[in-house]
Amino acid sequence: MALITISGYPSSGKSQRAAQIKRHFEARLADPSYTGPSLSIVVLDDDTLNIDRSSYNDSKSEKPARGTLFTAVQRNLAQNKVVIVDSLNYIKGFRYQMYCAAREIKVRVCTVYVLATPDLCKQWNSERTDGKAYAPETLANLLQRYEEPSSMVRWDSPLFTVSWSDEDVPADDIWRAITEGVVKPPNTGTQAVAKAPTDALRTLEHTTASVVSALVSEQANSGSLGSTTTITLSPILKVRITLPPRNVTLSELQRLKRQFVTLHKKAITLGTTEKGAVDWSEQSVADKFVVYLEENMKP
Ligand code: ADP
Ligand code: MG
């Protein structure tokens, strides 16, 4: 039925909000006036998946933890379930991956951004008595690396932001988003153009190729290693990318490009590109490829 991705800083109140959503939905489903399909509400979180907080202490242990979470999401997504993913979900590439998994089996999605100030998170984290506190240096590190969800990108939309001072979650709005699934109009600039598969394949090839060559020359010509920089692909096509603090070789970029193309080629040729929902404009392909690169380039 739906995938609800919770995202937020460590100890920002994500589990509390996930529980609120679950309570609201279960009450709604149990109400005699409810006439919709029977649904179960499933919360997937680090604890039930045995992912220890210390997994976030370094990226080596974090990758398999994300893998575990992703597998659980894939296994649980179904037409008769609302899956709430209650984890940090702070990497946009990871949120994108879950979004793709959801689209693939045609369930609706939304993202709930649980907002609290870094200071409050630190305080709540230090006051935790449930054994789920993050090590202070891990918390500081995660705060820094957090990639904020944005309603401007398809995979984070629709986006609901719940602030620490909010008594409750906007349960009715969330319910509407995942049952009626008001599909937001595409952003201007990434206007969805229903393209024939051959066009989509061509766009996929040439756009990713131009990102690779632009990155190679960017690295050669400027000191943007390890920072976020805007790459101009054409007068109307720009992307922002965070580069690792080292030179990424052409062969590594080409390998990632091949993987990305293979991944999406399959979607195009299998026709799982849900009419109009996947945007094969150059801007959209370039944005998705950048997300994929950021997630998969070695640090
Ligand atoms: P997370 O799942 O993001 O790690 P939790 O929901 O488990 O966060 O909450 C972490 C701690 O912060 C809990 O001890 C909780 O009591 C406290 N907390 C969370 N949200 C709030 C809030 N809005 N106001 C006050 N305390 C909160
Ligand atoms: Mg939690």
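The table for this structure:
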quantity: P64 being assigned to a loop (DSSP other than H, G, I, E, B) and out of contact with any strand residue (DSSP E or B) (no Cβ under 9 Å at 6 or more places or on another chain); calculated: no
quantity: Test: residue in region 147-162 that is open to solvent by less than 30 Å² (accessible area, probe 1.4 Å), over 20 Å from K288 (Cβ atoms) and either of a type in the set (V, I, T) or away from ligand 1 (no atom under 16 Å from the Cβ) (or both); calculated: yes
quantity: Criterion violated by L3 - all others in (1) part of a strand (DSSP E or B); (2) within 16 Å of ligand 2 (Cβ to nearest atom) satisfied; calculated: (2)
quantity: Number of positions in region 39-81 that are within 15 Å of the chain's Cα centre (by Cα), among the charged types (D, E, K, R) and open to solvent by less than 20 Å² (accessible area, probe 1.4 Å); calculated: 0
quantity: Out of S234, S224, sole residue that is at pLDDT below 80, farther than 30 Å from E104 by Cα and surrounded by 11 or more Cβ atoms within 10 Å (Cβ to Cβ); calculated: S224
quantity: Failed item, numbered, when V169 is tested on (1) of a type in the set (A, V, I, L, M); (2) more than 15 Å from ligand 1 (Cβ to nearest atom); (3) modelled with pLDDT of 90 or more; calculated: (2)
quantity: From the options G36, G13, residue that is within 16 Å of ligand 1 (Cβ to nearest atom), small (G, A, S) and either touching a residue at least 24 places away in the same chain (Cβ under 8 Å) or within 18 Å of P158 (Cα to Cα) (or both); calculated: G13
quantity: Yes/no for I84 being aliphatic (A, V, I, L, M), under 23 Å from W164 (Cα atoms), touching a residue at least 40 places away in the same chain (Cβ under 8 Å) and surrounded by 21 or more Cβ atoms within 10 Å (Cβ to Cβ); calculated: yes
quantity: Members of region 127-136 found to be touching a helix residue (DSSP H, G or I) at 6+ places or on another chain (Cβ under 8 Å), surrounded by fewer than 17 Cβ atoms within 10 Å (Cβ to Cβ) and of a type outside the set (A, V, I, L, M), listed by number; calculated: K132, P136
quantity: Matching residues, region 11-36, being surrounded by fewer than 24 Cβ atoms within 10 Å (Cβ to Cβ) and assigned to a loop (DSSP other than H, G, I, E, B); calculated: S11, G13, D31, P32, S33, Y34, T35, G36
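Table: residues versus (1) away from ligand 1 (no atom under 16 Å from the Cβ); (2) farther than 24 Å from W164 by Cβ; (3) at pLDDT below 95.
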position: Y9; (1), (2), (3): no, no, no
position: L29; (1), (2), (3): yes, yes, no
position: L44; (1), (2), (3): no, no, no
position: Q79; (1), (2), (3): yes, yes, yes
position: K106; (1), (2), (3): yes, yes, yes
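The values are calculated or read from the model by the stated rules, or taken from the named source; none is laboratory data. Everything numeric here is computed off the predicted structure, so don't read it as measured data. So basically every Cβ, Gly included, is an ideal-geometry build from the backbone, and we count neighbours across all protein chains shown. To get the accessible areas, we keep the full protein, side chains included, count just its heavy atoms, and leave off ligands, DNA and RNA. Shrake-Rupley method; radii C 1.70, N 1.55, O 1.52, S 1.80 Å.
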